[in-house]
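Notes to accompany the following structure.
The values are calculated or read from the model by the stated rules, or taken from the named source; none is laboratory data. Please read all numbers here as calculations on a predicted model, not as lab measurements. Note: ideal-geometry Cβ built from the backbone for every residue, glycine included; neighbour counts use all protein chains shown. These area figures cover heavy atoms from the full protein model, side chains too; ligands, DNA and RNA do not enter into them. Shrake-Rupley method; radii C 1.70, N 1.55, O 1.52, S 1.80 Å.
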Number of protein chains: 2
Amino acid sequence: MKVHDWHTGPYPARVRIALAEKNLQSRVRFVSVDLWKGEHKQPGFLALNYSGTLPVLELEDGSCIAECTAITQYLDALDGTPTLTGTTPREQGFIHMMNKRAEIELLDAVSVYFHHGTPGLGPDVELYQNAEWGLRQRDKAVRGMRYFDTVLHQQPFVAVDRFSMADIAVIGGLIFAELVQLPIPADCAALRAWWADMQQRPSVRDRVAMSAPARAPEPVAATR
Amino acid sequence: MKVHDWHTGPYPARVRIALAEKNLQSRVRFVSVDLWKGEHKQPGFLALNYSGTLPVLELEDGSCIAECTAITQYLDALDGTPTLTGTTPREQGFIHMMNKRAEIELLDAVSVYFHHGTPGLGPDVELYQNAEWGLRQRDKAVRGMRYFDTVLHQQPFVAVDRFSMADIAVIGGLIFAELVQLPIPADCAALRAWWADMQQRPSVRDRVAMSAPARAPEPVAATR
């Protein structure tokens with residue numbers, strides 16, 4: 001399978017984290033779509049994903065699954081033992097709720113701030129900006145951080161009693177927040193501690209290296 | 001279980017359609033939350049759903065699942081035979097992708113138009129509006145209709161070869177579009193035909209009646 005990807009993109013990071021959690025890295029190869037050049041808004045890419053967003057998972061038969069939640073659901077079901085999206089109805093419900101809430105209240109809000117309240121990907125890509133809306137979404141994201149701080153003050157993970165897709169969505173939000181220099185408020189001790197923990201998690205720690213283009217073999221220094 | 005609901009709300013309609021498709025109506029009772037009075041923005045309701053949106057499914061133990069996708073996932077899994085969210089990884093992936101795409105490109109866009117580009121729920125509820133953003137989203141929704149017209153020109157349902165959660169999301173978008181008098185473009189023949197079909201479907205046709213408050217018994221006209 002192919003993952004249409006950009007190595008520093010917060011949304012693509014969600015899928016790479018899911019791949020690592022499921023130990024599926026070897027099943028995919030990464031295709032770089034340069035966000036800074038607007039390659040995700042070109043007709044060739046839009047044919048893969050109408051919404052013009054990364055990541056996209058391209059299956060062996062060429063059909064494409066876009067949207068992080070959908071890709072994660074697919075990957076998690078592949079081996080018949082879902083670990084990220086829940087096994088009981090209750091787990092599935094709570095994971096999907098908190099996953100969506102992390103998008104609405106944090107990750108998507110930071111994204112809108114980036115694309116509308118800052119120069120974003122630059123004037124050649126950001127053809128329309130609404131700065132007032134962008135700044136509102138920045139403030140919403142900070143409120144979202146405070147909400148997730150409250151959640152994580154009461155429980156070790158975002159949705160259920162173990163790491164799930166919903167944690168990955170909050171991680172995506174905090175990755176994006178760092179990129180736009182929107183810090184977690186100093187008094188959000190639970191969220192800050194959780195984020196420090198999550199950054200030690202191999203799937204999160206190694207997320208960028210996973211999709212970095214393979215290096216050419218180093219020249220052998222001394223050949224016998 | 002309780003469904004926190006508003007009978008004409010397009011998002012709550014998605015859950016009622018899912019309940020009818022799963023034949024679970026008798027398992028729930030509906031609690032009216034008056035959107036026009038802003039009851040969904042009051043502290044009591046925000047304690048159930050941080051995002052302040054309908055619908056919310058309240059389980060027997062009082063815990064709450066918000067977000068239509070999460071509620072549908074829960075309801076669909078309850079009887080062990082999912083019919084709306086897919087059984088294979090591929091079905092699950094495609095249904096979640098198209099469900100999300102229907103939200104982004106149609107339903108959520110119409111919602112933002114309503115709340116920002118029109119008087120929405122009125123000045124007491126709409127405390128901030130960004131008209132320019134609202135009108136952009138209206139135009140996005142019309143493009144979304146054209147996209148789904150293309151999809152439905154090629155296949156009978158939105159995501160897979162049968163009715164699914166993704167169809168319900170598009171239906172939610174078209175319900176909302178009717179409320180804000182945003183018609184399907186005349187040349188979108190496939191979408192118009194599909195929508196006419198869907199409105200004949202009992203779950204869709206009877207969606208408002210399902211949550212209407214039970215009438216008091218009619219007085220008996222002639223008692224012997």
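Descriptive notes on the structure:
- B:THR83 paired with A:GLN42, simple spin-label distance in nm, labels 7 Å along Cα-to-beta-carbon: 4.6 nm
- Estimated 222 nm signal from helices in chain A, with DSSP H stretches of n ≥ 4 weighted -39500 (n - 2.57), rounded to 500: -14000 deg cm²/dmol
- Residue of B:GLN199, B:GLN25, B:GLN42 that the Gaussian network model of chain B assigns the largest fluctuation, springs spanning Cα pairs under 10 Å: B:GLN42
- Three-way shape label, region B:1-47, alpha-carbon gyration tensor, a/c 1.5: prolate
- Net charge dipole, chain A: roughly 320 debye, given to the nearest 20, about the Cα centre with Cβ charges of +1 for Lys and Arg and -1 for Asp and Glu.
- Among B:ALA186, B:ALA77, B:ALA47, the largest mean-square fluctuation in a Gaussian network model of chain B (Cα springs under 10 Å) belongs to B:ALA186.
- Per the rotation superposing chains A and B, the chain A residue found at the smallest beta carbon distance from the axis is A:TRP133, 2, distance in Å.
- Subtracting the Cα-Cα distance of B:GLU178 and B:LEU127 from 0.36 nm times their residue separation leaves 16.0 nm of extension gain.
- Looking at region B:31-80, the accessible area is 39 square angstrom per residue; that uses a 1.4 Å probe and ignores ligands, DNA and RNA.
- A Gaussian network model of chain A, with springs between Cα atoms under 10 Å, assigns the largest mean-square fluctuation among A:ASP76, A:ASP161, A:ASP206 to A:ASP161.
- Prolate/oblate/rounded call for region B:1-119, Cα gyration tensor, a/c under 1.5 rounded: oblate
- Per-copy distances of the A:ARG27 label point, shortest first, in nm (7 angstrom along Cα→Cβ): 3.0
- Antiparallel bridge percentage (DSSP; both residues within chain B; nearest 5): 60 percent
- Sequentially through region A:24-39, phi angles give Karplus couplings (6.51, -1.76, 1.60; θ = phi - 60°) of 10, 3, 6, 8, 10, 10, 9, 10, 6, 10, 6, 4, 5, 9, x, 5 Hz, Gly and Pro residues having no value and appearing as x.
- Using the Cβ of A:VAL208 as centre and a radius below 11 Å, the other residues enclosed give a net charge of +1, where K and R count +1 and D and E count -1.
- Cut-off under 5 Å, modelled amide H: who pairs with B:VAL56 long-range: B:HIS4
- In this structure, the amide hydrogen of B:ARG29, modeled 1.01 Å from its nitrogen in the peptide plane, lies closer than 5 angstrom to those of B:LYS2, B:VAL3, counting only residues at least 5 positions away or on a different chain.
- When DSSP beta bridges are restricted to pairs lying wholly in the protein assembly as shown, around 60% turn out antiparallel.
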